[in-house]
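Just below is one structure, and these are the notes that go with it.
Each reported figure results from applying straightforward, stated rules to the coordinates on display, with no laboratory input. These numbers were taken from a predicted model, which means no experiment stands behind them. Here the Cβ is made from the backbone with ideal geometry for all residues, glycine too, and neighbour counts use every protein chain on show.
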């Protein structure tokens, strides 16, 4: 068996038709729809995988939902082709990004040093793609 690390966090929808797997991918500033040749079993496998992951997430404790934990962040507007605003909660090491398409994601376990580097970066989008994307657990809020 061969293992490969795959980041599926940006896939927001899947479909299957005429031996093609359709994937809806949130790129932050755009939404792409791609089709790749695949048997219906690939679609069914992804649906099963989603059920397993969703069950695991539902059973885990999310400390952002605990009483007394503030999830609202102070948001800073940014001049970027990728994002409208970014924010950070230093108590919980939580980074929040509001993308140009209106989607909002939170990234967990982001050190304050990374946050400071992001604020100082010449390009928020390039920094995000190099340092954040795919390196931290994320969840979509909107």
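Which whole number in µm²/s is D for the range 69-116 by Stokes-Einstein, with the Kirkwood Rh taken over Cα pairs at 20 °C and 1.002 mPa s?
The estimated diffusion coefficient comes to 197 µm²/s.
Going by C-beta contacts inside 10 Å, put 105, 20 in order with the fewest on the left.
Ascending Cβ contact count within 10 Å gives the list 20, 105.
So between residue 24 and residue 9, what do we pick up on full extension, going 0.36 nm a residue minus the alpha carbon distance?
Stretched out fully, the residue 24 to residue 9 stretch lengthens by 4.3 nm.
Between residue 76 and residue 126, what length comes free when the chain is fully extended (0.36 nm per residue of separation minus the Cα-Cα distance, one decimal in nm)?
On the way: separation 50, 0.36 × 50 = 18.00 nm, distance 1.74 nm.
Length gained, residue 76 through residue 126: 16.3 nm.
For 81, 124, what's the fewest-to-most ordering of other Cβ within 10 Å of each Cβ?
Values: 81 10, 124 20.
Arranged by neighbour count, lowest to highest, 81, 124 become 81, 124.
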